[in-house]
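Scroll down for the structure; my scribbles are underneath it.
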Amino acid sequence: MNNFAYTQAASTKEAATAAQADKQAAFISGGTSLIDLMKSNIEQHTLLIDLNKLSLLGIENSAAGLRIGALERMSDVGEHPQVVQNYPVVSQALLASASPQLRNMASMGGNLLQRTRCGYFRDTAFPCNKRVPGSGCPAQTGDNRTLAILGGSPSCIATHASDLAVSLVALEAKLTIESPKGQPRTVPLADFYKLPGSTPHIENHLAPGEVITAITIPAAAHARRSHYLKVRDRASYAYALVSAAVGLDVQGGTIRSARVALGGVGTVPWRVPAVEQALVGKSATEDTFRAAAALAVRDASPREHNKFKLELAQRTIVRALLEVAA
Amino acid sequence: MSSEPQFFDQPGGVVGKPLVRVEGREKVTGKAKYSAEFPLPGLTYGVLATSTIAKGKIQNIDTTAAAREPGVIAVLTHQNLPKLAKTPNDAAGKKDIGAPMGFLPMTSDEIFYSAQPVAMVVADTLDHAIHAATLVKVTYQAEKPIASFHDSRAELFNPAKVQDGKEDGHKRRGDAKSAFASAPIQLTATYTHPVYNHNPMEPGSTTAHWEAPDRLTVYESTQGVTRTQSSLVAMLGMPREQVRVITKYIGGGFGCKGSTWPHTILTIQAAKAVGRPVKLMLTRKQMFTSMGHREDQSQTVQLGATADGKLTALIHTKVSTTSPWDNYAESNSKIIDLLYATPTFEASYEMARANVMTSTFMRAPGEAPGSFALECSMDDLAARLGVDPIEIRLRNYADHDYSTGQPWSSKSLKQCYARGAELFGWSKRNPKAGATRDGRYLVGMGMASASYPVHNSQGSARARLYADGHAVVQSGATDLGTGTYTVMTQVAADSLGLPMDKVRFELGDTNLPTAPNSGGSVAAGTVSSSVYLAVQDVWQKLIKVAVADKKSPLYKAKPEDVTAEKGRLFLKKDASKGEAFGDLMKRAELTDVEGMAQGKYGPGYESGHSASPAGPGNNTESASAHSMHSFGAHFCEVRVDMDLGTVRVSKWVSVIGAGRILNSQTARSQIIGGAIFGIGSVLMEATERDANYSRYTNADLANYHVPVNADIPDMTVEFVEENDPYINAMGVKGIGEISMVGVAAAVANAVFHATGKRLRDLPLTPDKVMMAGLAS
């Protein structure tokens, strides 16, 4: 870890101004991810701008939906009664993340910006296009059991690690982003993340100085009847091999609307509209779920050690749908 | 016979009782000093910079940027580190040092494995050293490494010896190949294991303090201060009395702290170079490449049996990865040779050199993977014949050790099976595999046998009894965290007839009497015996005083007619004639009396049972004529979600026969810990080595998975009462390793019973379990 300066920002404008003045600056909220990256020498920042003084708090439920301040802690949101009741998939995704200690520290906005757990990215001795553009991607022919089968490129197959983001993408959540100049803008989370392509080091559409201030989730019947299922190597405190965030609105046995997104398989949180479309209008049965889930991995390109995800992704979707249909 | 400490089992004694740790308060209040917690004046901090390639040569090391950083005192490399009297880089040096690896980094420009130390930065603060270490710029002439025996360029060979020269690379008993070829039942199966790392909670650490050019004190996280001292003495070319090693507390070792690894001597040399004490603590990432690992391996078992399931042959072959210099492979075949009544046996080893550091012993070295292969194959045999897994083991029960022909010193395996089955509810097991369902889960019950040898060991202790009724007892042993402080205090208290709070037990210092490594399950038996015998030495000294003292009721008694119990000396034939030690000592104006003794453990121990001279036809009572092992049985229930491939252990029972149990609470904890260690090894643990770079890709505890609470159910542990007069004065076998032998097989057998699928490629992660279901 290098030496760095530290400052507390009193407003988003102040934060943005400080960030624009130093290209090596980073915002810090919970720090559970950033400090690790700095200790491992993966990121070297000359300035940390602490956002924790900003008033980006609040969990507000309304008829229109849920608004969550970006500095809310994962544990507070995950355990919030309104979230548990109306957006169970979000609560479950949060509580299946990390450990209680980390969730008590980690912020919602920071969670969405966490970086991949790919072992090649996390060790500076390896080449990695995401860390050092153009250096190569040993994961393509290396240990790729946990890596992506969807959205990858010859440059990068690193999996996006956030559980929360998978649930939010499924529910069509939007981010409120403030920049030093102009009005706050609103971006659907699904459009926020960038596929790696030939530039895996650019992971999202956040411009320098911009701050995520809030997350909004539209209210919907399929949000109230939703579920997050995470399959992993141990019962707790492990990243997903495959996860599924699903929501269903079933009326009279017929599916009116459906939302399905996958984690652990994509380079970004992976919503599967084809699966959703195949569910709508059908009866909520296991056969329907199976037929629809098969569409989830149509475009997958697995590597040597992660072929199992083709099957596991479908099964995870089916199981999660059975949970909410029950 | 007279030396047998029968009185431990009397009312009022503390040995065997479920007592809390005497050092528990020190630990939870942070007062206990681990090896990296000794503040020294002028202490500096060492941090290693390690290689980014696995094979090649250092072309250039540029240390200027690192040296320029504030607080940096020195940047040491192979070019400026003080030279040693001896290195392990040649066979003679390795042997003299007792080094685990025939290569010491930073003695040349050669790179043999990834993350090999290339420089050490010493700075005034840890932060300065950490940062400066990242600024050491090394350029390499890299070559393509070989990553494992799987590599197409790897060259396999048959070593003459394995396990660091301790075991034969080829063993034969009878004609196993012919017996297998003619067996009515023939089973052949191959089992594969990943690399495992010990990952104790406390990383390896060294604090080196040259108090004078001829006086070195090292605070080291080691499982054996004496063994570390021996290695250092050889490398430094110093007399033993000038090198002191101290280890007061250890946060786990599991074998990786059983030898002296490179970081220790490099820190000592750095301290010499800078003329100040240097502390180095390995990072978690460095723990994967600094203190050995369990080697990646593949083992094949060929099992021949009669139609009713009696073994006629076992043939075992192992292929594994070793380092460029050493022929290390844990000896899996030992347990396969002796666990059952197998008339013929053959074992052979193959290995290939790769660009990895040398592997080393890790909890139950050999027995852990060996039992996995054997006990899964026995389960296959049971399934093949439609016989209950316990019944197949009883049909092959070894009434003596077939590998040596010797009788057992004691064996309670049948009792372990019976009691374990009862506690577990084994009778409810459906004989048919894949036939028990609970909702979405397939439920399976599995079991496996365990055994672990009583190795040959010895150690000394000193006991000083004070007239005022307190005592200090010492032995240079180490407490891995499993309870050595506590159980030795118990043994000393009962031996002295004092309450526990009047006895202080000290360990972990080469200035104390010599004790063996805490490893190979020898510590409890060796140290407790030496403590017990040291106290007997105290009594013998006091008895001599008593019989010469006119005022003593024992005046003029023959010393051999006097004994001591509960702090009182008395006539064996008339217990009313005697006195308390305090009365005697005060009258004789003795403030304290010191006793010293050496306790022997294992085949070297000759008890009263072996008093008759060994000779033809007369040596069956000799300790060394016996095969000495602890035995046990593990029972496991799993719930398998076959759709998603997840396996959860839902019930666990271990029943162990391991001689005298010194503290039923710490012993229970140790068995639970070992069983969890084994559950991790079968379900989730694996160090992933990239095949192209020969470098680990999950060297952290986020991605090297060990069990968390949610993976582990309530566990039941029981011990079978066992009185073994042949193994040592205390009758203690030790339980450090047997706790995990057979555990992996018990889980895998339960998975087989649940699913009808036999999985042999560890660990059994969801991908493998799910895909096995798909293959049907």
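The values are calculated or read from the model by the stated rules, or taken from the named source; none is laboratory data. All values derive from a computational prediction rather than experimental measurement. Every residue, glycine as well, gets a Cβ built from its backbone with ideal geometry; the counts of neighbours run over all protein chains shown. For the accessible areas, the whole protein counts, side chains as well, though only heavy atoms, and no ligand, DNA or RNA atoms are used. Shrake-Rupley method; radii C 1.70, N 1.55, O 1.52, S 1.80 Å.
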Can you find even one residue in region A:187-208 that is closer than 19 Å to A:S33 by Cα, open to solvent by less than 20 Å² (accessible area, probe 1.4 Å), modelled with pLDDT of 95 or more and in a loop (DSSP other than H, G, I, E, B)? yes
Restricting to region A:294-310, name every residue that is away from chain B (no Cβ under 11 Å) and part of a helix (DSSP H, G or I). A:A294, A:L295, A:A296, A:V297
Looking at this structure, is B:A745 part of a helix (DSSP H, G or I), closer than 23 Å to B:N199 by Cβ, away from chain A (no Cβ under 14 Å) and in contact with a Cys (Cβ under 6 Å, 6 or more places away or on another chain)? yes
If you check A:P127 against the conditions, is it surrounded by 20 or more Cβ atoms within 10 Å (Cβ to Cβ), within 14 Å of another protein chain (Cβ to nearest Cβ) and more than 30 Å from A:R224 (Cβ to Cβ)? no
Determine, yes or no, whether A:A245 is within 14 Å of chain B (Cβ to nearest Cβ) and within 21 Å of the chain's Cα centre (by Cα). no
Just a yes or no: is a residue in region B:314-331 in a strand (DSSP E or B), within 17 Å of B:F180 (Cα to Cα) and without any contact (Cβ under 8 Å) to a residue 60 or more places away in the chain? yes
Give just the number: which of (1) in a helix (DSSP H, G or I); (2) out of contact with any strand residue (DSSP E or B) (no Cβ under 8 Å at 6 or more places or on another chain); (3) among the β-branched types (V, I, T) does B:I335 not satisfy? (2)
What are the residues in region B:204-216 that are surrounded by fewer than 21 Cβ atoms within 10 Å (Cβ to Cβ) and out of contact with any Ser or Thr (no Cβ under 7 Å at 6 or more places or on another chain), if any? B:W210, B:A212, B:P213, B:D214, B:R215
Of all residues making up region A:230-242, the number that are facing chain B (nearest Cβ under 7 Å), in a loop (DSSP other than H, G, I, E, B) and buried (at least 19 other Cβ atoms within 10 Å of the Cβ): 5
So, in region B:99-136, how many residues would count as being open to solvent by 30 Å² or more (accessible area, probe 1.4 Å) and either touching a helix residue (DSSP H, G or I) at 6+ places or on another chain (Cβ under 7 Å) or more than 14 Å from chain A (Cβ to nearest Cβ) (or both)? 7
In region B:532-578, how many are touching a Pro at 6+ places or on another chain (Cβ under 9 Å), surrounded by fewer than 18 Cβ atoms within 10 Å (Cβ to Cβ) and not small (G, A, S)? 5
Are any of the residues in region B:705-713 within 9 Å of chain A (Cβ to nearest Cβ), in contact (Cβ under 8 Å) with a residue 12 or more places away in the chain, touching an Asp or Glu at 6+ places or on another chain (Cβ under 8 Å) and on the phi < 0 side of the Ramachandran plot? yes
Quick one: in region B:179-195, which of the residues that are more than 11 Å from B:I315 (Cβ to Cβ) and either hydroxyl-bearing (S, T, Y) or free of Cβ contacts under 8 Å to residues at least 24 places away in the same chain (or both) is surrounded by the most Cβ atoms within 10 Å (Cβ to Cβ)? B:Y191
May I ask you to list the residues in region B:136-163 that are farther than 19 Å from B:P194 by Cβ and in a loop (DSSP other than H, G, I, E, B)? B:V136, B:E143, B:K144, B:S152, B:R153, B:E155, B:N158, B:P159, B:A160, B:Q163
It is to be established whether one or more residues within region B:277-289 are open to solvent by 10 Å² or more (accessible area, probe 1.4 Å), in contact with an Asp or Glu (Cβ under 8 Å, 6 or more places away or on another chain) and closer than 21 Å to B:M201 by Cβ. yes
Cβ contacts < 7 Å: first residue modelled with pLDDT of 95 or more, restricted to region A:230-244; second residue assigned to a loop (DSSP other than H, G, I, E, B) and aromatic (F, W, Y), any location; separation 6+ or different chain. Result? A:R232/A:Y239
Considering only residues that are away from chain B (no Cβ under 14 Å) and of a type in the set (A, V, I, L, M, F, W, C), look in region A:141-169 and name the one that is surrounded by the most Cβ atoms within 10 Å (Cβ to Cβ). A:L168
State yes or no: is B:N698 touching a Phe, Trp or Tyr at 6+ places or on another chain (Cβ under 6 Å) and under 30 Å from B:L774 (Cβ atoms)? yes
Of all the strands (runs of 3 or more DSSP E) wholly in region A:1-78, which have at least 1 residues that are open to solvent by less than 10 Å² (accessible area, probe 1.4 Å) and either within 14 Å of chain B (Cβ to nearest Cβ) or not hydrophobic (A, V, I, L, M, F, W, C) (or both)? A:65-69
For A:S179, which of the numbered conditions (1) among the polar types (S, T, N, Q); (2) surrounded by fewer than 18 Cβ atoms within 10 Å (Cβ to Cβ); (3) away from every other protein chain (no Cβ under 14 Å) fails to hold? (2)
With respect to B:R227, is the statement that it is over 17 Å from B:N517 (Cβ atoms) and open to solvent by 50 Å² or more (accessible area, probe 1.4 Å) true? no
Just give me the residues in region B:652-675 being more than 25 Å from B:M488 (Cβ to Cβ) and either out of contact with any Ser or Thr (no Cβ under 8 Å at 6 or more places or on another chain) or not assigned by TED's automatic domain parsing to the domain that holds B:S412 (or both), in sequence order. B:V655
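Residues checked against (1) touching a helix residue (DSSP H, G or I) at 6+ places or on another chain (Cβ under 7 Å); (2) assigned by TED's automatic domain parsing to the domain that holds B:G742; (3) more than 30 Å from B:A147 (Cα to Cα):
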| position | (1), (2), (3) |
| --- | --- |
| B:G304 | yes, no, yes |
| B:L314 | yes, no, yes |
| B:S333 | yes, no, no |
| B:Y340 | no, no, yes |
| B:F345 | yes, no, yes |
| B:E350 | no, no, no |
When B:I661 is run through (1) more than 11 Å from every other protein chain (Cβ to nearest Cβ); (2) surrounded by fewer than 21 Cβ atoms within 10 Å (Cβ to Cβ); (3) assigned to a loop (DSSP other than H, G, I, E, B), the failure sits at (2)
Name the one entry in B:L701, B:L759 that is closer than 19 Å to B:E375 by Cβ and at pLDDT 95 or above. B:L759
Here is a list: B:T478, B:T526. Which entry is assigned to a loop (DSSP other than H, G, I, E, B), buried (at least 23 other Cβ atoms within 10 Å of the Cβ) and touching a residue at least 40 places away in the same chain (Cβ under 8 Å)? B:T478
